[in-house]
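*Asks:* Mind having a look at this structure? Questions to follow.
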Amino acid sequence: MAGDLIYAFRVMRLALLDAGGAPIGRLDDIVVIPGREGSPPRVLGFVATSQRRRIFVNAGRIGTLDGEGARLRSWDVDLNPFKPRHGELLIGRDLIDSKVGDETVSDVALRPAGDGRQTWWEISKVRLARRSAIRRRPSYRLLDFDEVPDLFGVGAGGEVAAEVARLRDMHPSDVAAVVRSLPLSNRKQLAEAMDDERLADLLEELPEAEQLRMIEGLDLERLINVLEEMEYDDLADLLAEMPGEQRTQILEAMDDEDADVMRRLLAYEEGTAGALMTPDIIIFGPTATVAEALAELRDPEWLVSIAAQVFVVQPPYKPPTGTYLGVVHFQRLLREPPSIELGRCLEQEPTIAPDMSERDVAERLASYNMLAVGVCDEAGHLLGAITVDDVLDRTLPTGWRQRRRVTTAAAVKP
C-alpha cells in the first residue's frame with residue numbers, strides 16, 4: 001500500500017496477524033502523537049485485543065498493513081495491558097466523532113512516510129461530515145491535517161508529554177542520547193513527565209553528575225519512587241555522588257530492606273567487586289526444580305545477563321545467603337527434565353571476593369566466558385553477582401557513552 005492513503009475507520013477493524021500470517025487478535029484503535037511544529041501527527045502504535053487482553057503494538061513491529069490485516073515482523077507479542085499516556089491521542093476514542101465547528105470528524109486518513117533510515121505512518125487527511133436539516137445524507141469534505149491544527153492539541157503541558165510519548169519505545173540508551181542534546185530546563189520537564197520506571201531506566205544510562213541534575217526539583221516522594229525502580233548497583237553509584245545530607249535523607253525515606261541493601265553496597269570501596277555487584281539475582285535452593293527455575297527466568301523484568309543462570313545456595317535465599325553451592329546455566333536448564341532438582345545440575349564455577357579489583361573481575365569473566373560471576377564472602381555466603389555489562393561499563397574508555405550518543409542523537413532526530 002506504499003504511497004496510498006488508508007483510512008483509520010478501516011484499520012480499526014483489521015485482524016492482527018503473527019509473522020506467519022495467522023490471526024492472533026484484532027486492531028481496536030490507533031495511537032498517534034502530535035507532530036513537532038509543521039509536521040503531521042505520527043502513528044506511534046496500535047491498540048489491539050489479543051487473548052482477551054487489550055495490548056499495545058508498536059508501529060515499528062508491524063511489517064505490513066493492508067486489507068488482510070496488520071502483520072507482525074516477528075513472532076513475539078507483548079501482552080502487557082495497554083495504558084494510555086498523557087500526550088498520546090487515540091484516533092477512535094479522541095478524534096472520530098469529535099466536533100470541528102459545526103462539522104464532525106468522520107474519518108482520518110493515514111499515509112506511509114520515511115526518511116531513508118526508517119519508515120512510519122502519519123496522519124495526512126481529515127474527513128469532516130456536516131449534517132443538514134433539509135438533507136437526509138451528510139455532506140463530506142477532505143482537509144489536510146494542518147487545516148485543523150486544534151484537533152491534535154493535547155492541552156496544557158502537551159508538548160512535553162508528546163515528546164515523552166515519542167520516546168516511549170526507544171531503548172533507554174537512545175533516549176539518553178536525545179535527552180542529553182536538550183537544554184537542562186527541558187530535561188527537567190521531561191523528567192517530571194516520565195513515569196517512574198522509564199525515568200529510572202533513563203538515569204541508569206547517564207553519568208552520575210547528569211543524573212543529579214535531572215532529578216533536581218523532584219519532590220522526595222517522587223524521587224524515592226524513581227530510585228526504587230533503579231538497579232541496585234546503579235543506585236549505589238548515584239547515592240555515592242550525592243551530598244551526605246541528601247543521601248541520608250533518601251536512605252531514611254526508603255523501604256527498610258532496600259535501605260539496608262544500599263548501606264551494605266555503599267560500604268564497599270570504589271573500584272572493587274563489592275561496589276560493582278548487584279544483590280538482585282535469581283537464587284534457589286538445591287531442592288527446587290528445573291521447572292521452577294525456568295518459570296522465574298521467564299519473567300521479562302530480569303536483565304538478560306541476570307537471567308542467563310540461577311545461583312544455588314543453602315537457606316536463607318536472600319543475600320547474604322547460606323552456603324553457596326554452585327550455578328545452573330539457562331542452556332543446562334533447557335536440556336534437563338522439568339522435575340529434576342537443581343542440586344543435581346550444579347556447575348562449580350569460580351566466585352570472587354568483594355575486595356577484588358574491577359580489572360581482575362573483568363579478567364575473570366573473560367577467562368571463563370561468563371555473563372555473570374558470583375561474589376562470596378570468606379565464609380562462602382553469596383553476596384550478589386557482577387554482570388558482564390557492568391564490567392564493560394567500567395572498563396571502556398571514559399566518555400564512551402557521550403561519543404556514542406552524539407551519533408545516536410543524530411540518527412534518531414526526526
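The values are calculated or read from the model by the stated rules, or taken from the named source; none is laboratory data. Quick caveat: nothing in here was measured; it's all calculated off a predicted structure. A quick note on method: Cβ atoms are made from the backbone with ideal geometry, for glycine too, and the neighbour counts reach across all protein chains shown.
*Asks:* Would you call residue 257 out of contact with any Cys (no Cβ under 9 Å at 6 or more places or on another chain), of a type in the set (D, E, K, R), in the same structural domain as residue 233 (by TED's automatic domain parsing) and in a helix (DSSP H, G or I)?
*Replies:* In short, yes.
*Asks:* How do the pairs read when you match residues in segment 59-72 that are closer than 12 Å to residue 11 by Cα with residues anywhere that are in a loop (DSSP other than H, G, I, E, B), using Cβ under 6 Å and keeping only pairs 6 or more apart or on different chains?
*Replies:* Hits for this filter: 66/1; 69/14; 70/14.
*Asks:* Name, by its number, the condition in (1) without any contact (Cβ under 8 Å) to a residue 24 or more places away in the chain; (2) surrounded by 17 or more Cβ atoms within 10 Å (Cβ to Cβ) that does not hold for residue 40.
*Replies:* Result: residue 40 passes all but (1).
*Asks:* Can you give me the number of residues within segment 85-112 that are free of Cβ contacts under 8 Å to residues at least 12 places away in the same chain, surrounded by fewer than 16 Cβ atoms within 10 Å (Cβ to Cβ) and either touching a Phe, Trp or Tyr at 6+ places or on another chain (Cβ under 8 Å) or not in a strand (DSSP E or B) (or both)? Break it down into steps so the answer makes sense when it comes.
*Replies:* Applying the first criterion (free of Cβ contacts under 8 Å to residues at least 12 places away in the same chain) to segment 85-112 yields 94, 97, 99, 101.
Subsequent filtering for residues that are surrounded by fewer than 16 Cβ atoms within 10 Å (Cβ to Cβ) retains 97, 99, 101.
Imposing the further condition that a residue be either touching a Phe, Trp or Tyr at 6+ places or on another chain (Cβ under 8 Å) or not in a strand (DSSP E or B) (or both) reduces the set to 97, 101.
So the count comes out to 2.
*Asks:* Same structure again: Of the residues 16, 27, 79, which single one is more than 25 Å from residue 140 (Cβ to Cβ), under 26 Å from the mean Cα position of the chain (by Cα), not hydroxyl-bearing (Ser, Thr, Tyr) and not in a loop (DSSP other than H, G, I, E, B)?
*Replies:* Just one listed residue meets the conditions, 16.
*Asks:* Do the conditions hold for residue 240, that is, is it in contact (Cβ under 8 Å) with a residue 12 or more places away in the chain and assigned by TED's automatic domain parsing to the domain that holds residue 331?
*Replies:* Considered against the rule, which asks whether it is in contact (Cβ under 8 Å) with a residue 12 or more places away in the chain and assigned by TED's automatic domain parsing to the domain that holds residue 331, residue 240 comes out as no.
The rows are residues; the columns are (1) surrounded by fewer than 16 Cβ atoms within 10 Å (Cβ to Cβ); (2) at pLDDT below 90; (3) in a helix (DSSP H, G or I).
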{"position": "156", "(1), (2), (3)": "yes, yes, no"}
{"position": "160", "(1), (2), (3)": "no, yes, yes"}
{"position": "189", "(1), (2), (3)": "no, yes, yes"}
{"position": "199", "(1), (2), (3)": "no, no, yes"}
{"position": "245", "(1), (2), (3)": "yes, no, yes"}
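*Asks:* Next up: Answer yes or no as to whether residue 36 is out of contact with any strand residue (DSSP E or B) (no Cβ under 8 Å at 6 or more places or on another chain) and either part of a loop (DSSP other than H, G, I, E, B) or among the aromatic types (Phe, Trp, Tyr) (or both).
*Replies:* Judged against the criteria, residue 36 is a match.
*Asks:* Could you check how many residues of segment 39-70 are in a strand (DSSP E or B) and within 23 Å of the chain's Cα centre (by Cα)?
*Replies:* 17
*Asks:* For segment 318-345, which positions are assigned to a strand (DSSP E or B) and of a type in the set (D, E, K, R)?
*Replies:* 341 - this is the single residue of segment 318-345 that is assigned to a strand (DSSP E or B) and of a type in the set (D, E, K, R).
*Asks:* Of all residues in segment 306-328, how many are surrounded by 17 or more Cβ atoms within 10 Å (Cβ to Cβ) and under 28 Å from the mean Cα position of the chain (by Cα)?
*Replies:* Residues flagged as surrounded by 17 or more Cβ atoms within 10 Å (Cβ to Cβ) and under 28 Å from the mean Cα position of the chain (by Cα) within segment 306-328 amount to 8.
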